[in-house]
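See below for the structure under consideration.
The values are calculated or read from the model by the stated rules, or taken from the named source; none is laboratory data. Because the structure is predicted, anything quoted here is derived from the model rather than measured. Here the Cβ positions follow ideal geometry from the backbone for every residue, glycine too, while neighbour counts run over all protein chains shown.
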Amino acid sequence: MILATSPLLDGSRPCYRVYACARGAYALGALEPKFWQRFCTAVGHPDWTERAFDADLVPSVEALFRGRTRDEWDTLLRPADCCGEPVLEVSELRSHPLFEGAFAGDLLRTFPALAPDAPRSPAPSQGEHSTAAVLRDWSSPG
C-alpha cells in the first residue's frame with residue numbers, strides 16, 4: 001500500500017528509476033498504470049503489473065536491466081511506449097534527434113541562442129517597469 005507520505009519520485013520505486021544496464025543506463029518513468037503495464041508486457045513479466053510502486057521489486061528489475069545493454073533495452077522498449085528513454089552520454093547528444101540543430105559549432109546552444117527574440121537587457125529593478133511596459137518591451141523587435 002502506498003501512503004500519502006511515501007516518496008514516489010526519488011528512485012525508490014521500480015516504475016520510476018534509472019537502471020544500470022550491461023552497458024549504459026536506461027531511465028524508466030512509467031508512473032501511470034498504462035505505461036507500467038506496457039513495460040511489464042514488453043519484458044515478459046505480467047506478474048509485475050500490480051507492483052509498480054513496490055520497492056521490494058526494485059532488485060528484480062535491476063537484475064533484469066543488467067542483462068542487456070542500454071541500446072538493446074531501447075530497441076525493446078521504445079515500441080512498447082512505456083515512458084522509457086536511454087540515458088545519453090554527453091558525446092552522444094550531437095547525434096540524438098532531440099538535440100538536432102541545438103549545436104553552434106562544438107557548443108550546445110543555450111537559452112538565448114534558442115530564443116533569439118528574448119530581451120537582451122537586464123531585468124528591471126523592482127518597481128522600475130509596469131507589467132504593460134515589460135510586455136511591450138518583450139514583444140517589440142529590437
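Here Gly127, Gly142 are screened, and the one residue that is modelled with pLDDT under 70 and either closer than 30 Å to Pro33 by Cα or assigned to a loop (DSSP other than H, G, I, E, B) (or both) is Gly142. Within the range 78-96, the set of residues being over 15 Å from Ala22 (Cβ atoms), touching a strand residue (DSSP E or B) at 6+ places or on another chain (Cβ under 8 Å) and of a type outside the set (Gly, Ala, Ser) comprises Arg78, Cys82, Cys83, Glu85, Leu93, Arg94. Of the residues examined, Arg13 is not one that is basic (Lys, Arg), in contact with a strand residue (DSSP E or B) (Cβ under 8 Å, 6 or more places away or on another chain) and surrounded by 14 or more Cβ atoms within 10 Å (Cβ to Cβ). With the structure loaded, tell me whether Pro59 is in contact with a helix residue (DSSP H, G or I) (Cβ under 7 Å, 6 or more places away or on another chain), surrounded by fewer than 12 Cβ atoms within 10 Å (Cβ to Cβ) and without any contact (Cβ under 8 Å) to a residue 24 or more places away in the chain or whether it fails that test. For Pro59, the condition - in contact with a helix residue (DSSP H, G or I) (Cβ under 7 Å, 6 or more places away or on another chain), surrounded by fewer than 12 Cβ atoms within 10 Å (Cβ to Cβ) and without any contact (Cβ under 8 Å) to a residue 24 or more places away in the chain - is not met. Across the range 76-116, which residue is modelled with the highest pLDDT among those that are at positive phi and surrounded by fewer than 15 Cβ atoms within 10 Å (Cβ to Cβ)? By that ranking, first place goes to Asp81. The numbered conditions (1) under 19 Å from the mean Cα position of the chain (by Cα); (2) not in a helix (DSSP H, G or I) are all true for Trp36 except (2). I'd like to check something: does the range 64-75 contain any residue that is of a type in the set (Ser, Thr, Tyr) and either surrounded by 14 or more Cβ atoms within 10 Å (Cβ to Cβ) or at positive phi (or both)? Yes, that holds for at least one residue. Of all the residues in the range 16-38, those that are of a type outside the set (A, V, I, L, M) and crowded, with 19+ Cβ neighbours inside 10 Å number 9.
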